[in-house]
Amino acid sequence: MKTTKYLSYVVGELPEGCRLCMKGMKLVYFATGLCGRSCFYCPLSKERKGKDVVYADEVPVKDLEDVLAEAKAIDARGVGVTGGDPMLRVGRVVEVLKALREVLPRKLHVHLYATTQPHVNEPSLGKLLDAGVDELRFHPNLEVVDELLPLKLAVDMGFEAGLEVPAIPGFEDKICKTIERAEKLGASFVVINELEMTESNALALQIRGFKLKAGTVSAVQGSWETAMTLLRFVEELGLSGHFCPAYIKDSAQFRNRLRRKARSIAMPHEVVTRDPLLVKGIIEPPQGSSLEEALRRVKSIAPELYIYVNTSKNRLECNYKELKKLSEKLKGAGFRLSIVGELPTSFREQVMLKPL
Ligand code: SF4
């Protein structure tokens, strides 16, 4: 068993989909919140669960352009298609993949999460094969004996196919038997996720006696140990396996993706920090003074300073280090100065404010 640099655990080879995902190089395309199953541990939020909504990473999608803009913003090298059950919207998935391949210059690695329900069949899988999906991750039904027929079909059709399972304490036997069946059908990997307690599944988990692990925001107590048991079993079978702890989603995937997005959307006066935040200096006009007057005034004090006029927020913006150097002069002229940090999301939420 090896540890990755993001502190996840691997046996055999790390699946390609996981490698790119942890580096934040994958666009997460949420194809629909619809799903024919109702797993008690389903972590989908109430905004997504059971609703035919689409997201590209955290961005709500109205049309194809939203997906393409997000993919370009993070300079995506691949796509993870998820849901709900994306196989209920195969046409939508195929259309998006085609459009992404047209606008992104490099080869895209695509993995897709699928259930093992009857609509995951030869015609629907055939469409994915034509659309260039590389890897299929089947989420078995853990409450019955799942024959995993779509997985067998996918292997026969030439997909790289495996399982993706939550590490549910008390389900070790069931999951190991499912992994054993998958191995016999030709699966090449198993991805194990730490079970997470979210707002939407907390009640269902608590009724069954599950508790939040001390010191964490979402990991379920005992899930880590279950994951390790499953990963050892995967190793004994000679399959590749990856245990993705809950903290990876924040510490690796999400942050790395934001970092890539920050670098691509940063304006010339914005500095990208490790967090990642877009940090910049803010100059607010004195009371009663218009933005145009303020701009003229600042230019007369610092003619070389690059200034961005943010009309929607009625302020001038510049490099924060330059602003620090000029702070005495500008404050003396009545300007209010600060340094702000914004998240590199579509809404650019302000999360840091330091008055100068
Ligand atoms: S298959 Fe996935 S999306 Fe569907 S209910 Fe289960 S956990 Fe939720």
* In segment 93-123, what residues are within 16 Å of the ligand (Cβ to nearest atom) and not hydrophobic (A, V, I, L, M, F, W, C)? -> His111, Tyr113, Thr115, Thr116, Gln117, Pro118, His119
* Asked: Can you name the residue in segment 13-38 that is assigned to a strand (DSSP E or B) and more than 10 Å from the ligand (Cβ to nearest atom) and, of all such residues, is nearest to the chain's Cα centre (by Cα)?
  -> Val28
* Within segment 158-178, can one find any residue that is over 22 Å from Phe40 (Cβ atoms), among the hydrophobic types (A, V, I, L, M, F, W, C) and within 16 Å of the ligand (Cβ to nearest atom)? -> no
* Asked: Are any of the residues in segment 82-89 in contact with a helix residue (DSSP H, G or I) (Cβ under 7 Å, 6 or more places away or on another chain), in a strand (DSSP E or B), assigned by TED's automatic domain parsing to the domain that holds Val165 and closer than 21 Å to Lys107 by Cα?
  -> no
* To do: Name the residue, out of Val59, Val67, Val53, that is buried (at least 21 other Cβ atoms within 10 Å of the Cβ) and of a type in the set (A, V, I, L, M).
  => Val67
* Structure fact -> A careful count of residues in segment 311-340 that are without any contact (Cβ under 8 Å) to a residue 40 or more places away in the chain, in contact with a Leu (Cβ under 7 Å, 6 or more places away or on another chain) and part of a strand (DSSP E or B) gives 1
* part of a helix (DSSP H, G or I) and either surrounded by fewer than 17 Cβ atoms within 10 Å (Cβ to Cβ) or more than 17 Å from the chain's Cα centre (by Cα) (or both) - does that describe any residue in segment 265-285? -> yes
* To do: Would you check which residues across segment 179-200 are hydrophobic (A, V, I, L, M, F, W, C), in a loop (DSSP other than H, G, I, E, B) and under 22 Å from Cys42 (Cβ atoms) and list them?
  => Leu195, Met197
* Structure fact -> The number of residues in segment 288-304 that are assigned to a loop (DSSP other than H, G, I, E, B) and touching a residue at least 40 places away in the same chain (Cβ under 8 Å) is 1
* **Criterion (of a type in the set (Asp, Glu), within 13 Å of the ligand (Cβ to nearest atom) and touching a Lys or Arg at 6+ places or on another chain (Cβ under 9 Å)) met by exactly one of Asp75, Asp57, Asp85** => Asp85
* To do: Could you tell me whether Val96 is in a helix (DSSP H, G or I) and either farther than 30 Å from Glu143 by Cβ or assigned by TED's automatic domain parsing to the domain that holds Lys127 (or both)?
  => yes
* Answer residue from segment 196-220, given it is surrounded by 20 or more Cβ atoms within 10 Å (Cβ to Cβ) and in contact with a Phe, Trp or Tyr (Cβ under 6 Å, 6 or more places away or on another chain) and is farthest from His242 (Cα to Cα) among those -> Asn201
* Hits in segment 136-168 - residues which are touching a Pro at 6+ places or on another chain (Cβ under 9 Å), under 20 Å from Leu108 (Cα atoms) and surrounded by fewer than 22 Cβ atoms within 10 Å (Cβ to Cβ) -> Glu160
* Asked: How many of the residues making up segment 119-140 are of a type outside the set (A, V, I, L, M) and either part of a helix (DSSP H, G or I) or over 26 Å from Asn193 (Cα atoms) (or both)?
  -> 6
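The values are calculated or read from the model by the stated rules, or taken from the named source; none is laboratory data. Everything numeric here is computed off the predicted structure, so don't read it as measured data. Please note: Cβ atoms are built from the backbone with ideal geometry, for glycine as well, and neighbour counts cover all protein chains shown.
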